[in-house]
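Below: the structure, in structure tokens.
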Number of protein chains: 2
Amino acid sequence: MSAKPGTRAERAQQERALRTRETLVRSAAEVFDEFGFAGASITKIMKRAGLTPGAMYFHFDSKEDLARAVMNSQPDTITPYVTSQGLQRIIDITLVWSRQLQIDPLLRAGVRLTNEQNSFGVEDATPYQEWAGIMQECLEVAREKGELADGVDAHMVADFVVAACTGMQMYSWIASGRKDLPERAVQMWKILLPGIATASGAAGAKVSTRRVATLVR
Amino acid sequence: MSAKPGTRAERAQQERALRTRETLVRSAAEVFDEFGFAGASITKIMKRAGLTPGAMYFHFDSKEDLARAVMNSQPDTITPYVTSQGLQRIIDITLVWSRQLQIDPLLRAGVRLTNEQNSFGVEDATPYQEWAGIMQECLEVAREKGELADGVDAHMVADFVVAACTGMQMYSWIASGRKDLPERAVQMWKILLPGIATASGAAGAKVSTRRVATLVR
């Protein structure tokens, strides 16, 4: 693949390659979500994608490599639904996440693989750290908007919210097949806001399972 | 095994059976911790325990059954180290937990199996719920002692702390091989206390990595 698009034919070829890559990642996600890493064979993934193994090896070196791409696609399943800023943005990200985990195989597989990665010899903290970075940015905007209580460490809180979400989805998965996950996300903010937000920041924040439904239709 | 101890010989037999069961659970934990559920064969576990498969089948029906016993032994690795009450007790439980996860294979295997249980066809929320119950009791004592802020829902907070701890240990495992887990537990309380505790409750709480070292020597 050439680095920059040139002629129309080259651009068309690049677009096809991008679409193929996307199909591959989504099909792999569906199979990983259903069977886990160990149970997801290349054959199953290619059958789901309607592609030949050659198409895969053009884009990915191995099943591990494909799993990494799925793990790192998590934010793409969330951020398109979120238009708010600051404190409301970090809240909305977790609310959308709680709903998308119920319905989007790409996010579900990303989370499952991130949590199971030790079992297939990968130790990659990037998916956690990427989330933490996104959330820290929200909190820094929240600080500028006067929504964050004095002395709150944005990095520390961002890292903690990522960890808490990771655990909530595991607990919810076992306890209710993820049915209660949006409710758990709402409860998290009811617990956190009095400590991390200013009075006006907390009062202005919209946190409810009803909001989840307005964000993801 | 008779239900109640009778003669001295019967009591001695019961004690031997209990010790054998304990040896089995601890040996299984070591093997599960090292190899995960799938990689832990009955043969490996029996070799580690120095026992015959017959001894296992007297106490446990299957490897799944043994895994459940390991999952449900988690509190036994923590509570003997904790003598405090109320708010300090729930804090101390998480601090001891953060250290024991670094050094005690029984706890480490319990947590690993709880988080991986879907991969071996078990869906048992008991280990999470048991922790949540223990923590809710601490918070109810905290309320009686005037350490809990008005309107704080003890059940909700207990459930959230269990979820947060579950996620913290996964994040910490990938990011630092669990080295930063005690620091993360301390940070969790720095984030939570301003919201859930009264001013005097928060001021009286001892939360530091130094305290971890005094609790587990």
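The values are calculated or read from the model by the stated rules, or taken from the named source; none is laboratory data. The model shown is predicted, which means the values in this text are computed figures rather than measured ones. In this analysis, Cβ positions are derived from the backbone assuming ideal geometry, glycine residues included, and neighbour counts consider all displayed protein chains. Heads up: the accessible areas ignore ligands, DNA and RNA and are worked out on the full protein's heavy atoms, side chains in. Shrake-Rupley method; radii C 1.70, N 1.55, O 1.52, S 1.80 Å.
Scanning region A:22-33 for residues that are free of Cβ contacts under 8 Å to residues at least 40 places away in the same chain and surrounded by fewer than 19 Cβ atoms within 10 Å (Cβ to Cβ) gives A:Glu22, A:Thr23.
Yes/no per residue for (1) more than 26 Å from B:Ile196 (Cα to Cα); (2) aromatic (Phe, Trp, Tyr):
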site: B:Leu51; (1), (2): yes, no
site: B:Asp76; (1), (2): yes, no
site: B:Thr79; (1), (2): no, no
site: B:Ile90; (1), (2): no, no
site: B:Thr114; (1), (2): yes, no
site: B:Phe120; (1), (2): yes, yes
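Give region B:119-165 a look and list any residue that's under 20 Å from the mean Cα position of the chain (by Cα), buried (at least 17 other Cβ atoms within 10 Å of the Cβ) and more than 12 Å from every other protein chain (Cβ to nearest Cβ), or say none. If the condition is that a residue be under 20 Å from the mean Cα position of the chain (by Cα), buried (at least 17 other Cβ atoms within 10 Å of the Cβ) and more than 12 Å from every other protein chain (Cβ to nearest Cβ), then B:Ile134, B:Met135, B:Gln136, B:Cys138 are the ones that fit. Residue selection: A:Ala9 fails the criterion of being surrounded by 14 or more Cβ atoms within 10 Å (Cβ to Cβ) and among the hydrophobic types (A, V, I, L, M, F, W, C).
Taken over region B:39-73, the residue count meeting the criterion of being in a helix (DSSP H, G or I) and either crowded, with 17+ Cβ neighbours inside 10 Å or touching a helix residue (DSSP H, G or I) at 6+ places or on another chain (Cβ under 7 Å) (or both) is 18.
Among the residues of region B:74-84, those identified as open to solvent by 20 Å² or more (accessible area, probe 1.4 Å), part of a helix (DSSP H, G or I) and not charged (D, E, K, R) are B:Thr79, B:Pro80, B:Tyr81. Within region B:182-209, residues that are over 19 Å from A:Ala199 (Cα atoms) and touching a residue at least 24 places away in the same chain (Cβ under 8 Å) have Cβ atoms under 6 Å from residues that are open to solvent by 40 Å² or more (accessible area, probe 1.4 Å) and among the basic types (Lys, Arg) in these pairs: B:Pro182/B:Arg99, counting only partners at least 6 apart in sequence or on another chain. Hey, does region A:93-102 have a residue that's of a type in the set (Val, Ile, Thr) and open to solvent by 10 Å² or more (accessible area, probe 1.4 Å)? Checked region A:93-102: no residue is of a type in the set (Val, Ile, Thr) and open to solvent by 10 Å² or more (accessible area, probe 1.4 Å). The helices (runs of 4 or more DSSP H) falling completely within region B:85-155 that include 2 or more residues that are in the same structural domain as B:Met170 (by TED's automatic domain parsing) and of a type in the set (Phe, Trp, Tyr) map to B:126-144.
Taken together, the criteria exclude A:Gln187 from residues that are at pLDDT below 95 and within 12 Å of chain B (Cβ to nearest Cβ).
Identify the residue in region B:166-183 that is more than 7 Å from chain A (Cβ to nearest Cβ) and over 25 Å from B:Thr126 (Cβ atoms) and, among all such residues, is least open to solvent (accessible area, probe 1.4 Å). Ranking the candidates gives B:Pro182 first. Considering each residue of region B:193-211 in turn, at least one proves to be closer than 30 Å to A:Glu116 by Cα and either touching a Phe, Trp or Tyr at 6+ places or on another chain (Cβ under 9 Å) or among the β-branched types (Val, Ile, Thr) (or both).
Take the conditions surrounded by 18 or more Cβ atoms within 10 Å (Cβ to Cβ), among the aliphatic types (A, V, I, L, M) and more than 13 Å from chain A (Cβ to nearest Cβ) and apply them to B:Leu106. Does it pass? Considered against the rule, which asks whether it is surrounded by 18 or more Cβ atoms within 10 Å (Cβ to Cβ), among the aliphatic types (A, V, I, L, M) and more than 13 Å from chain A (Cβ to nearest Cβ), B:Leu106 comes out as yes.
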